[in-house]
Amino acid sequence: MQKDNSTAKEKIALRRKALREVAQPVVLETHGGAGKLYRALYAHITSGVVFEKDDRKVRLLAGQRPTWAVYKADCIAALADGAADWLPATLIDIDPYGDPWPVIHAFFTSERERPKKIAVVVNDGLRQKVKMNGAWSTRSLYHAVERFGNNMHDQYLNVCAWLMQTEATQAGYAVSRFEGYYCGHAKQMTHYLAVLDKR
């Protein structure tokens, strides 16, 4: 999938909302990239962890965030194996440019320290594939297809809200707030924020 970088302002605004939801932000950023979101939002936060696979970017991120844990790793495998399990992250920032659900699943099904309240903010690139009737061929959406049908393009935000609650329930959380919108070229990107409270 071609990366759509046209939604930076929207991503930053939504993450500012997420930061207002948590009293003492501890950030888990699953795709560090070149550190643009950190510079815009998280530079004042001393406690966090970031994942990135690219060597050059990992070095940049490590220099940028001397008090954070920086992992050179695939975040899905690393989270599933318990990476950063000692960090009670209050804000989970997921920006994979594609399917975010394997990341979300890895976080919620792994054994780790979790606070009473978590804000999860997501940049989801699956809507384009869904629009092309590809929901049935996307492993992350198998159960959603059973519930919503394959033609879920127009209700994809509802799908995301349902999937988020499904994933959060596994770790003992309930979604107390969910909001999102479509954006980017042809509205193929979906941004959403979920606030989770431990039951």
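The values are calculated or read from the model by the stated rules, or taken from the named source; none is laboratory data. Worth saying up front: this structure is predicted, and the values here are computed from it rather than measured. So basically every Cβ, Gly included, is an ideal-geometry build from the backbone, and we count neighbours across all protein chains shown. Heavy atoms of the whole protein, side chains included, go into the accessibility calculation; ligands, DNA and RNA do not. Shrake-Rupley method; radii C 1.70, N 1.55, O 1.52, S 1.80 Å.
Quick notes on this one:
- The range 39-83, accessible area per residue, ligands and nucleic acids excluded (1.4 Å, Å²): 53
- Each Lys and Arg adds +1 at its Cβ and each Asp and Glu adds -1 at its Cβ; summed about the Cα centre, the chain shows a dipole of about 540 debye.
- DSSP H segments from the chain that extend 18 Å or more along their own axis, Cα-based, with Kyte-Doolittle mean of -0.5 or above: 156-170
- Sparse-neighbourhood loop sites, trypsin sites (Lys or Arg not before Pro) in the range 1-80 - DSSP loop, at most 12 other Cβ within 10 angstrom: LYS3
- Note on LYS187: lysines with a C-alpha under 17 Å away, same-chain residues under 8 apart excluded, are LYS3, LYS9, LYS11, LYS129, LYS131.
- Loop sites here are GluC sites (Glu not before Pro) outside DSSP states H, G, I, E and B with no more than 15 other Cβ atoms within 10 Å. The longest part of the chain free of them is 1-110.
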